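The values are calculated or read from the model by the stated rules, or taken from the named source; none is laboratory data. Bear in mind that the values here come from a model prediction, so they are computed numbers and not experimental data. Methodologically, a virtual Cβ is constructed for each residue, glycine included, from the backbone with ideal geometry; neighbour enumeration extends over all protein chains shown. Heads up: the accessible areas ignore ligands, DNA and RNA and are worked out on the full protein's heavy atoms, side chains in. Shrake-Rupley method; radii C 1.70, N 1.55, O 1.52, S 1.80 Å.
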Amino acid sequence: MSSPARDPAARFAEAFEPVRLRLFGAGLLGQAGAAGAASLALTAIGRGDGVTTVALGCALATARRGEGPVLLLDGTPLGRRCADVLGVAATSMAPEAGSEQLDSHLLDLPALGLHLLQLAGPPPRAGEPAGAPAWTQLWATLGRRYRHIVIDAGSLRSDAPLRWAGWAAHSALVIDTTHVTREAMEALRREQRHGGPALAGFILNKRAFPVPARLYRALS
């Protein structure tokens with residue numbers, strides 16, 4: 001007698017379990033930051049590299065391990081990628097709205113075991129006075145409520161990843177191995193040397209073949 005098919009969420013979480021383990025082993029998905037939660041912001045060189053998919057997979061795999069409350073935070077400039085992928089309706093919360101509006105914007109996804117928060121844009125840069133007090137309070141509230149926060153920070157074509165880097169404990173780069181070029185990696189390294197977001201690691205996405213050594217050298 002055949003065993004019943006697992007639900008898609010379980011299969012998706014299982015597919016990302018090796019990624020979660022590597023991030024956890026590197027201290028990127030289990031080490032608490034200043035806000036209290038273990039927060040990880042994911043970004044990419046360009047749009048369409050799979051940041052939303054990887055963020056959802058990491059959040060889901062973490063939630064399935066039962067390691068405390070997990071928040072998937074859509075912090076992209078448009079702020080609706082995660083909801084679109086999940087096929088749910090979420091209302092966007094302004095970063096400067098303050099924690100008193102948090103409960104009315106949090107979306108509970110019991111079938112996935114996590115919460116979704118959709119922001120109407122990235123937070124202020126760390127140290128900026130405009131909107132910072134309300135956002136600082138909101139970020140502290142999230143840090144107390146959740147053990148893990150996985151952030152879809154969008155691509156480096158906007159300043160959203162740089163803004164998130166000032167708040168999240170760690171930032172990591174999602175690389176689409178099907179089309180990344182050495183030129184793109186060299187441009188990224190130049191940008192980092194001139195004030196780009198500090199990246200603590202990288203995730204090789206869509207890897208259906210051995211990754212050439214030159215790509216690892218470009219990342220070092």
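Structure summary
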read-out: Summed residue charge, Cβ within 13 Å of Glu67's Cβ, Lys/Arg positive, Asp/Glu negative; value: +3
read-out: For Ser155, solvent-accessible area (1.4 Å; no DNA, RNA or ligand), Å²; value: 10 Å²
read-out: Label-point gap, in nm, between Thr136 and Thr178 - each point 7 angstrom along Cα→Cβ; value: 4.4 nm
read-out: Heavy-atom accessible area per residue - segment 13-103, 1.4 Å, Å²; value: 41 Å²
read-out: Length added when fully stretched, Arg80-Asp108, from 0.36 nm per residue minus Cα-Cα; value: 8.5 nm
read-out: Accessible carbon and sulfur surface of segment 53-137 relative to its total accessible area, %, 1.4 Å; value: 54 percent
read-out: FRET efficiency estimate (nearest 0.05) - Cβ-Cβ, Ala10 to Ala126, R0 41 angstrom; value: 0.65
read-out: Only Lys, Arg (+1) and Asp, Glu (-1) charged, at Cβ; segment 51-101 dipole about Cα centre in debye; value: 240 debye
